[in-house]
Amino acid sequence: MTTVTGDRLEDVWATRPGLVGWLGAVNHKQVGQRFIATAFVFFLVGGVQSLFMRYQLGSPESTFLDPETYNQLFTMHGTTMMFLFAVPIGEAFGIYFVPLMLGARDMPFPRLNAFGYWAYLFGGIFLYSSFLAGSVPDSGWYAYPPLSGPEYSPRSNLDFWLLGVTFVEVSGVIAAFEIVVLILRFRAPGMAISRMPLFVWSLLVTATMILVAFPPLIMGTVLLELDRKVGTGFYDPAVGGDPMLWQHIFWWFGHPEVYIILLPAIGIVSAILPVFTRTRIVGYTFIAAATVAIGILSFGVWVHHMFTTGINLLGLTFFTAGSLLITIPGGVQIFAFIATLWRGRPVFKPPLLHVIGFLVVFVFGGLSGVMVASVPFDWQAHDTYFVVAHFHYVLIGGVLFPVLAGLTYWLPKMTGRLLDDRLGTVAFWLLFAGFNLTFLPQHVVGLLGMPRRVYTYPSGIGWDVYNLLSTVGAFVVAAGMAVFVADVVRSRWRGAPAGDDPWGGNTLEWATTSPPEPFNFRVIPIATTRDPLWDERPLDLAGGPAWRRELAHPVVSRREMVSTSVLDAAPHEVLTLPIHSLWPLGLAAALGVFLIGVMVDRTSIGLVGLAGLAVCVIGWLWSRQDEP
Amino acid sequence: MRAGRPRRSGMRTWVPVVLGGLLLGACETAALGGDTGELPMNALDPAGPIARLQDNLWNVVFPIAVFVFVLVQGLILFAVFRFRDRGDGTPPRQVAGNTRLEVLWTIIPALILAGIAVPTVRTIFELADPPAEDALIVEVVGKQYWWEFTYRTEQDPADDVVTANELHIPTGREVYIELNGRDPESGVDVIHSFWIPRLAGKADYVPGHTRTMRIAADEPGTYPGQCAEFCGLSHANMKMVVVAHDPAEFDEWFAHQAEPADAEVDGQIAEGAEIVGQQCVGCHAVDGLETSAGVQIAPNLTHFALRERFAGYILDTTADNLHAWITDPQDLKPGAQMPAFGESLTSEQIDAVVAYLQTLE
């Protein structure tokens, strides 16, 4: 440790200097910040891909893109948005803000957390290296065999997809695992489960869902990779396999996935609404219960992605009912949000604007969702632009607007600088108008018969004007995003200082400095209500039991955190957390080398990767974790 | 909270209202603009009983959705503007909930959804009825990137009628589509989806499975459709058309299709026939050519000249298009499975092939 301030708490939590310190950082805020930044970059990349596609479809029989490039772009757009943006950004907010909201000092397994980030980053790079190899995945983000199988995709493009996605999924499972442990065992003393912020509830349910939904997909992708590399034929009907098996596995993951990315966004909205309406959220218990209900019901709707594949009557009716049923808890949440607006005094700042954008757009997407849940109508709408429009209303309305709301709300906490309200407002209106201009016409053109995933269409069958509107809208959205990014960049240098609590927040993250100290809270806060900062201002930061003083002024150089009981959050024991480590980076790199070996069919490279894995696991476990 | 200066709300009120209106207007246009000349694939303009059942459901669900949309968006806008912070610093009354309201807004959506579920399930069952006694059964196979239609005859497989991309049906009679993915003679490749929007919703063609659906048309006419499940490079070019005839006219068509074309074979046409008989019959069947072994890898050419379009129904059946196609199919339809003959045949030979193909009526 080079900088010694004389304060043991600061010294033990400080990041090591230099590149090695940066690479070996394990604190949840550094990892969370990297997650958020990386996910946002992938989001922008995926967005640019959509501009290329929209430009191609702006006019009939356009030759701007050839079909091969178009297929690659829509595959990578979907893959990027779902696997590299939507899931990671939700977990990223969780990794950064849940510990702060809970009054915790770090994630329970900081090294694993760092490994999760590196696995995500390397997985993303692995996927995108397919552009360098000139073999970009092109079978859609859902990669249905036989098209994605060895016979119809003989080149390496699908190997990039399968291995890259698996890599990223591993990261998702790890983060989920940690978030569950964090929420159940590391809440501020007194924060009984009935007092957790709703954002934390949503992350708890999301993470649990990931643990149930992702491992089967990892299994599924491994089987498909085996089909491709070893010729096993799990999905090949010619040798007794079945392409429907893949569809069931994929959508078992794929529909909960929609709620996996939606629930954190609902949580963000639940966090922002009370602060910007200056009232407590209406229906806390109903919202929390609805979140749990969505988590459970979301595993009973996957077949609605497969209504046209020849599902029997019982299946059709069951999954129609499931798909209709899940809108009830969704509606409960929306009505609770509206009631909160109604009871409160809404203040029109960018975070709230984005929240209102979410409400308006998401309700629309929910209604078109009810339509496609109705099987006979879905047989018309399925795989048309009506569905494209529907799920962009759900995903952009349900995820992007809340994420932007969350960024404008929490960025001042992360950087200590405020964003500009005027730029934020301009960005919001450009996004909102551009979004509706892009996707509203797609409902119509879908009903007029335009299927998805077509690189071209003929003129004269009524599709031209809607496509043109859509393309113009996409570029308006791009302008809105540019303003948003400019605002974020500007705030870095010219943003007004935020202070600890620029919004008058209700939850614990606003009780610490902006940006927070590496240890978050010198004195561990004690929470006795759902809105601790509104009910006990200033927080009681003195007194309390002896362990509280010892944690504030440690006698040993260790990173310490208190664990609490699952339901009542009674203090349980003081734990020591691991510090700086390069092993997570090494482990992720070794895993990457192994996957490259599989990818290029080189046993030697694969063995090097496996050896690296063994070395890193041993090194990780062997190394002293708790002392500087 | 730093008190924000209250802003004028005018601009914000109309944006969503206009957007909502735009949607309604657009859907209305789509629903009413049923001129087949302009919107030949309008799913909301049913041309037969099956599509009408599906459209009826839309007619129930859409007004409900519009009603809920207006109600909920109205609530949002009202709450946002009526109760917005006016900078006067009065904190709102702090209320954490109202159980009666919360129960109410759980039950009402449930009732609305039940109202949607009942007609939905009824329609699901109606559509699942077994085929009518007199239904015409057609076997459909989707291939990269075209459609093959086989009309089985009871007597002799040699009498089966096989066409490509054009599905001819009689009006007023149910047509039972069997999407045969269980290893038909012609082989299976990837997943496709059969969709004629004005006649019925879609059903997937899945390798290893047989899926069925029904279509029917009230009036004679041409009803276009296209593959709806992404199937590779030329997914966008995998189109088809249903041609509905009066029953008598259909019987005539069918009888004609069951026989080979009676072409006059001499001169250039004879040369073309000879080339086809040598070079093409490895993949194409041409009933009437001695060397044709009835192979069904590629489209059956027996009555090729009667088809309006070819190559996944994207090219008009003209001599120029045919010449260009035979020379280099991939140039016109990326990923087409047919090899290019521009190198192995001279331009004159291709002309001869085209001349022969154009006699196959």
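The values are calculated or read from the model by the stated rules, or taken from the named source; none is laboratory data. All values derive from a computational prediction rather than experimental measurement. Note that each Cβ is placed from the backbone with ideal geometry, even for glycine, and that neighbours are counted across all protein chains shown. Ligands, DNA and RNA are excluded from the accessible area calculation, which covers all protein heavy atoms including side chains. Shrake-Rupley method; radii C 1.70, N 1.55, O 1.52, S 1.80 Å.
If only one of A:Leu127, A:Leu121, A:Leu158 is in contact (Cβ under 8 Å) with a residue 12 or more places away in the chain, part of a helix (DSSP H, G or I), aliphatic (A, V, I, L, M) and within 14 Å of chain B (Cβ to nearest Cβ), which one is it? Outline the logic, then answer.
Values: A:Leu127 fails: within 14 Å of chain B (Cβ to nearest Cβ); A:Leu121 fails: within 14 Å of chain B (Cβ to nearest Cβ).
Sole residue among the options that is in contact (Cβ under 8 Å) with a residue 12 or more places away in the chain, part of a helix (DSSP H, G or I), aliphatic (A, V, I, L, M) and within 14 Å of chain B (Cβ to nearest Cβ): A:Leu158.
Give A:Tyr393, A:Tyr385 a once-over and let me know the one that is open to solvent by 10 Å² or more (accessible area, probe 1.4 Å), modelled with pLDDT of 95 or more and more than 10 Å from every other protein chain (Cβ to nearest Cβ).
On the way: A:Tyr393 fails: open to solvent by 10 Å² or more (accessible area, probe 1.4 Å).
Just one listed residue meets the conditions, A:Tyr385.
Take A:Leu226 and tell me if it is within 14 Å of chain B (Cβ to nearest Cβ), of a type outside the set (Phe, Trp, Tyr), open to solvent by 10 Å² or more (accessible area, probe 1.4 Å) and more than 23 Å from the chain's Cα centre (by Cα). Break it down into steps so the answer makes sense when it comes.
Numbers: within 14 Å of chain B (Cβ to nearest Cβ): no; of a type outside the set (Phe, Trp, Tyr): yes; open to solvent by 10 Å² or more (accessible area, probe 1.4 Å): yes; more than 23 Å from the chain's Cα centre (by Cα): yes.
Answer is no for this residue.
Being out of contact with any Asp or Glu (no Cβ under 8 Å at 6 or more places or on another chain) and assigned to a helix (DSSP H, G or I) is the requirement here; does A:Ile249 meet it? Walk me through how you get there before you give the answer.
Working: out of contact with any Asp or Glu (no Cβ under 8 Å at 6 or more places or on another chain): yes; assigned to a helix (DSSP H, G or I): yes.
Criteria met by A:Ile249.
Would you pick out the residues in region B:147-167 that are open to solvent by less than 20 Å² (accessible area, probe 1.4 Å) and not in a loop (DSSP other than H, G, I, E, B)?
B:Trp147, B:Glu148, B:Phe149, B:Thr150, B:Tyr151, B:Val161, B:Val162, B:Thr163, B:Ala164, B:Glu166, B:Leu167
Kindly provide the set of residues from region B:333-343 that are open to solvent by less than 60 Å² (accessible area, probe 1.4 Å) and without any contact (Cβ under 8 Å) to a residue 40 or more places away in the chain, ordered by number. Explain how you work it out, then say what you get.
To start, the set of residues in region B:333-343 that are open to solvent by less than 60 Å² (accessible area, probe 1.4 Å) comprises B:333-336, B:338, B:340-342.
If the condition is that a residue be open to solvent by less than 60 Å² (accessible area, probe 1.4 Å) and without any contact (Cβ under 8 Å) to a residue 40 or more places away in the chain, then B:Ala340, B:Gly342 are the ones that fit.
Hey, A:Leu359 hits all of (1) open to solvent by 10 Å² or more (accessible area, probe 1.4 Å); (2) farther than 30 Å from B:Cys227 by Cα but one; which does it fall short on?
So the condition that A:Leu359 fails would be (1).
Out of A:Pro502, A:Pro515, report the one residue that is part of a loop (DSSP other than H, G, I, E, B), more than 17 Å from A:Ala433 (Cβ to Cβ), of a type outside the set (Val, Ile, Thr) and open to solvent by 40 Å² or more (accessible area, probe 1.4 Å). Let's see the steps before the verdict.
Numbers: A:Pro502 fails: open to solvent by 40 Å² or more (accessible area, probe 1.4 Å).
Exactly one residue qualifies, and that residue is A:Pro515.
If A:Pro215 satisfies all but one of (1) buried (at least 18 other Cβ atoms within 10 Å of the Cβ); (2) closer than 30 Å to B:Gly232 by Cα; (3) modelled with pLDDT of 95 or more, what's the number of the condition it fails?
(1)
Would you confirm whether or not region A:472-495 contains a residue that is part of a loop (DSSP other than H, G, I, E, B), open to solvent by less than 50 Å² (accessible area, probe 1.4 Å), within 11 Å of chain B (Cβ to nearest Cβ) and touching a residue at least 60 places away in the same chain (Cβ under 8 Å)? It would help to see each step written out before you state the result.
Quick first cut of region A:472-495, residues part of a loop (DSSP other than H, G, I, E, B) only: A:495.
Now restrict to residues that are open to solvent by less than 50 Å² (accessible area, probe 1.4 Å): A:495.
With within 11 Å of chain B (Cβ to nearest Cβ) added as a condition, the list becomes none.
No, there is no match, as no residue in region A:472-495 is part of a loop (DSSP other than H, G, I, E, B), open to solvent by less than 50 Å² (accessible area, probe 1.4 Å), within 11 Å of chain B (Cβ to nearest Cβ) and touching a residue at least 60 places away in the same chain (Cβ under 8 Å).
Taking A:Leu162 as the residue in question, decide whether it is in the same structural domain as A:Gly300 (by TED's automatic domain parsing) and either crowded, with 24+ Cβ neighbours inside 10 Å or on the phi > 0 side of the Ramachandran plot (or both). Let's see the steps before the verdict.
Values: in the same structural domain as A:Gly300 (by TED's automatic domain parsing): yes; either crowded, with 24+ Cβ neighbours inside 10 Å or on the phi > 0 side of the Ramachandran plot (or both): yes.
So A:Leu162 passes the test.
Suppose the filter is touching a residue at least 60 places away in the same chain (Cβ under 8 Å) and buried (at least 18 other Cβ atoms within 10 Å of the Cβ); does A:Met81 pass it? Can you show your working first?
Details: touching a residue at least 60 places away in the same chain (Cβ under 8 Å): yes; buried (at least 18 other Cβ atoms within 10 Å of the Cβ): yes.
Here the answer is yes, as A:Met81 does meet what is asked.
Within region A:271-287, restricting attention to residues that are in a helix (DSSP H, G or I) and open to solvent by 10 Å² or more (accessible area, probe 1.4 Å), which residue is farthest from the other protein chains (Cβ to nearest Cβ)? Full working, then the answer.
So the first thing to find is which residues in region A:271-287 are in a helix (DSSP H, G or I), and the list is A:271-277, A:284-287.
Add one more test, that the residue is open to solvent by 10 Å² or more (accessible area, probe 1.4 Å), and what stays is A:271, A:284-286.
Details: A:Ala271: 15, A:Tyr284: 7, A:Thr285: 7, A:Phe286: 5 Å.
Restricting to residues being in a helix (DSSP H, G or I) and open to solvent by 10 Å² or more (accessible area, probe 1.4 Å), the top hit is A:Ala271.
Return the residues of region B:190-213 that are surrounded by 22 or more Cβ atoms within 10 Å (Cβ to Cβ) and more than 7 Å from every other protein chain (Cβ to nearest Cβ); say none if nothing qualifies. Let's see the steps before the verdict.
Residues of region B:190-213 that are surrounded by 22 or more Cβ atoms within 10 Å (Cβ to Cβ), as a first pass: B:190-207, B:213.
Listed by number, the residues that qualify are B:His192, B:Phe194, B:Trp195, B:Ile196, B:Arg198, B:Leu199, B:Ala200, B:Tyr205, B:Met213.
Picking from A:Gly586, A:Gly597, which residue would you name as being open to solvent by less than 20 Å² (accessible area, probe 1.4 Å) and without any contact (Cβ under 8 Å) to a residue 40 or more places away in the chain? Break it down into steps so the answer makes sense when it comes.
On the way: A:Gly586 fails: open to solvent by less than 20 Å² (accessible area, probe 1.4 Å).
That would be A:Gly597, the only listed residue that is open to solvent by less than 20 Å² (accessible area, probe 1.4 Å) and without any contact (Cβ under 8 Å) to a residue 40 or more places away in the chain.
Among (1) buried (at least 21 other Cβ atoms within 10 Å of the Cβ); (2) over 27 Å from A:Gln380 (Cα atoms); (3) in contact with a Gly (Cβ under 8 Å, 6 or more places away or on another chain); (4) modelled with pLDDT under 95, where does A:Thr528 come up short?
(1)
Which of the numbered conditions does A:Ser368 fail, given that it passes all the others? Conditions: (1) open to solvent by less than 10 Å² (accessible area, probe 1.4 Å); (2) facing chain B (nearest Cβ under 8 Å); (3) touching a Gly at 6+ places or on another chain (Cβ under 8 Å); (4) not charged (D, E, K, R).
In the conditions (1) open to solvent by less than 10 Å² (accessible area, probe 1.4 Å); (2) facing chain B (nearest Cβ under 8 Å); (3) touching a Gly at 6+ places or on another chain (Cβ under 8 Å); (4) not charged (D, E, K, R), A:Ser368 misses (3) alone.
If I ask for residues that are within 7 Å of chain A (Cβ to nearest Cβ) and farther than 18 Å from A:Ala373 by Cα, which ones from region B:59-76 would you list?
B:Val72, B:Gln73, B:Leu75, B:Ile76
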